[in-house]
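In what follows, a structure is listed as structure tokens, so that the remarks can point back to it.
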Amino acid sequence: MTAFRRGITCNRFIYNEQKQFPQASGEFSEILSQIVLAAKVVSREVNRAGLADIVGAAGATNVQGEDVQKLDLYANRHFIDAMSDNCHVSVIASEENEDIIRTDPERMLRPGKYAVAIDPLDGSSNIDVNVSIGTIFSIHRRITPGHDGGPADVLQRGDRQLAAGYVIYGSSTMLVYTVGRGVHGFTLDPSVGEFLLSHPNMQMPKQGSFYSINEGNFPYWAPKTREWVVALKGTENPAGKPNSLRYIGSLVADFHRTLFKGGIFAYPMDFKNPDKPRGKLRLLYEAAPIAMIAENAGGRATDGQRRILEIQPTELHERTPLFVGSEADVAFAERFHRDAG
Ligand code: FDP
């Protein structure tokens with residue numbers, strides 16, 4: 001595995017990685033660099049949010065029926081602009097937009113080779129209480145022919161992602177991403193305005209003793225899910241002792257902690273609507289990118305029965321149950337859910 005020099009900028013790192021592939025055109029690196037730039041701008045706005053009076057519901061609802069907050073709109077616009085300014089992206093899928101966004105093909109000399117799925121500001125219910133929120137992204141190679149892209153370009157299995165990453169706007173802002181060659185973390189140094197390599201080759205502990213779940217949903221879970229959570233609080237589990245509960249309610253923040261400390265984050269299927277049991281998290285721009293990062297850090301991600309990365313999406317805003325984290329802890333969850341149907 002390559003030795004990485006801590007402290008180099010994210011853009012330099014991306015460029016160095018690109019040099020490992022002499023045939024690379026640099027287009028893919030440009031997309032990553034645009035994401036880095038947009039993340040800096042959004043980070044600045046998140047930090048100023050309380051001051052700048054841009055916190056609060058904008059009064060609209062997004063396609064999921066949730067309140068859209070102003071910062072969501074800001075982040076959505078910035079990431080979409082960053083991708084559209086880059087002539088290599090043809091199609092964008094965003095949590096905030098019902099349909100795919102085709103970047104303006106007229107500005108492109110050649111059809112863009114890539115498609116991007118993005119959750120511009122995840123954990124939005126935490127915005128106005130100063131709790132960590134994040135951005136999640138995923139990059140696919142375009143598969144449709146012709147000049148414009150189409151939904152099929154983003155409706156690809158997670159194991160076809162070329163890159164996945166997230167930005168966490170927390171006590172510091174960090175960008176964590178993978179192109180399938182290790183998971184690397186960069187911390188934003190606000191004094192120089194650069195993401196600096198702080199966590200090369202991140203590895204998730206093989207087993208942990210934390211579980212992260214909205215336990216208020218207990219009455220709505222399937223019996224197997226309840227049994228599993230009860231087991232986590234006993235001694236018959238991989239830790240051999242009652243696990244500690246940690247739940248922020250912001251996927252990026254909950255996953256980020258799980259990546260560092262080990263254990264499991266889960267949002268299982270629930271029966272709040274008995275006729276339509278479902279997971280909450282979105283496959284394309286939440287579960288699949290997080291799963292790619294987890295696997296590249298030595299962890300695992302499943303919907304209880306299938307590896308997240310092997311699920312073929314059929315809809316843009318498709319939801320899935322998600323169990324992600326340390327290998328032993330995800331395997332333990334799977335033992336309860338595999339045969340539950
Ligand atoms: P939010 O609704 O605040 O945007 O998918 C969105 C998400 O947050 C995740 O970030 C988070 O893990 C989950 O939903 C929290 O859901 P609950 O409030 O139902 O626990």
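The values are calculated or read from the model by the stated rules, or taken from the named source; none is laboratory data. Bear in mind that the values here come from a model prediction, so they are computed numbers and not experimental data. No Cβ is skipped: glycine too gets one built from the backbone with ideal geometry, and neighbour counts run over all protein chains shown. The protein model used for the area step is the full one, side chains on, heavy atoms only, and it has no ligands, DNA or RNA in it. Shrake-Rupley method; radii C 1.70, N 1.55, O 1.52, S 1.80 Å.
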Which ones in segment 121-171 are away from the ligand (no atom under 16 Å from the Cβ), at pLDDT below 95 and under 28 Å from V192 (Cβ atoms)?
S171
Could you please tell me which pairs satisfy a Cβ distance under 8 Å, a separation of 6+ or placement on different chains, a first residue in segment 246-258 that is closer than 19 Å to K206 by Cα and near the ligand (Cβ under 7 Å from one of its atoms), and a second residue that is open to solvent by less than 10 Å² (accessible area, probe 1.4 Å) and not hydrophobic (A, V, I, L, M, F, W, C)?
D254/S212
Qualifying position, being among the acidic types (D, E) and under 18 Å from the mean Cα position of the chain (by Cα), among D148, D119:
D119
If I go through segment 210-228 residue by residue, how many of them are in contact with a Lys or Arg (Cβ under 7 Å, 6 or more places away or on another chain) and crowded, with 18+ Cβ neighbours inside 10 Å?
2
Cβ-Cβ distance below 7 Å, separation of 6 or more or different chains: which pairs start in segment 159-183 with a residue that is touching a residue at least 24 places away in the same chain (Cβ under 8 Å) and end on one that is open to solvent by less than 10 Å² (accessible area, probe 1.4 Å) and assigned to a loop (DSSP other than H, G, I, E, B)?
V183/A297
Where a residue in segment 270-290 is near the ligand (Cβ under 10 Å from one of its atoms) and its partner, wherever it lies, is at pLDDT below 95 and part of a loop (DSSP other than H, G, I, E, B), with Cβ under 9 Å and at least six apart:
D270/P277; R282/Q64
Applying the selection to segment 191-222, what residues are without any contact (Cβ under 8 Å) to a residue 60 or more places away in the chain and not polar (S, T, N, Q)?
V192, H199, F210, I213, E215, G216, F218, P219, Y220, W221
Regarding T320, is this residue buried (at least 20 other Cβ atoms within 10 Å of the Cβ), away from the ligand (no atom under 14 Å from the Cβ) and of a type in the set (V, I, T)?
no
Taking the residues in segment 212-228 that are among the hydrophobic types (A, V, I, L, M, F, W, C) and within 14 Å of the ligand (Cβ to nearest atom) as candidates, determine which candidate is nearest to S326 (Cα to Cα).
I213
Name the residues in segment 300-341 that are hydrophobic (A, V, I, L, M, F, W, C) and in a strand (DSSP E or B), would you?
A301, L322, F323, V324
From the option list L188, L162, single residue qualifying as within 17 Å of H256 (Cβ to Cβ), open to solvent by 10 Å² or more (accessible area, probe 1.4 Å) and aliphatic (A, V, I, L, M) is L188
Testing K206 on (1) farther than 27 Å from S43 by Cα; (2) in contact with a Leu (Cβ under 6 Å, 6 or more places away or on another chain); (3) not polar (S, T, N, Q), one condition comes back false. Which one is that?
(2)
